[in-house]
Amino acid sequence: MCYHRTRQRDKNQSGGVGQLKESIYKTYEDLPLFLNAATVAKVLGVSPSSGYELMHEPGFPVLRIGSRIVVPKEQFIKWVDEHTGGGK
């Protein structure tokens, strides 16, 4: 079986494309002080590329250090609260 068909079969067996990934982080206390794109993606249960894209959206709380982009933990928590109805 070719690689593409194997991957397609795995997608079909796992519930299909677009299924939300479960985060390895169970509480905000588990997060590092600064989150990179991969960590943002893991926390939100999205693909790494979606985490990267989100960090380039206007209004997303990033801190640029040279060419590196990180998100301060407390600002990330505030952003999540504001975008999920928790920061009303």
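For every residue, the table says whether it meets (1) buried (at least 17 other Cβ atoms within 10 Å of the Cβ); (2) free of Cβ contacts under 8 Å to residues at least 24 places away in the same chain; (3) touching an Asp or Glu at 6+ places or on another chain (Cβ under 6 Å); (4) of a type in the set (A, V, I, L, M, F, W, C).
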site	(1), (2), (3), (4)
S23	no, yes, no, no
K26	no, yes, no, no
P32	no, no, no, no
L35	yes, no, no, yes
A41	yes, yes, no, yes
G45	no, no, no, no
G51	yes, yes, no, no
M55	yes, yes, no, yes
G59	no, yes, no, no
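Keeping to region 61-88, report how many residues are surrounded by 11 or more Cβ atoms within 10 Å (Cβ to Cβ) and either more than 18 Å from L31 (Cβ to Cβ) or acidic (D, E) (or both).
3
Would you check which residues across region 69-88 are in contact (Cβ under 8 Å) with a residue 24 or more places away in the chain and either in contact with a strand residue (DSSP E or B) (Cβ under 9 Å, 6 or more places away or on another chain) or not hydrophobic (A, V, I, L, M, F, W, C) (or both) and list them?
Across region 69-88, the qualifying residues are I69, V70, V71, P72, K73, F76.
Here, each number is a calculation from the coordinates, and none is a lab measurement. Being a predicted model, the structure only gives us computed values, none of them experimental. For neighbour counting, all protein chains shown are included, and Cβ atoms are generated from backbone atoms with ideal geometry for every residue, glycine included.
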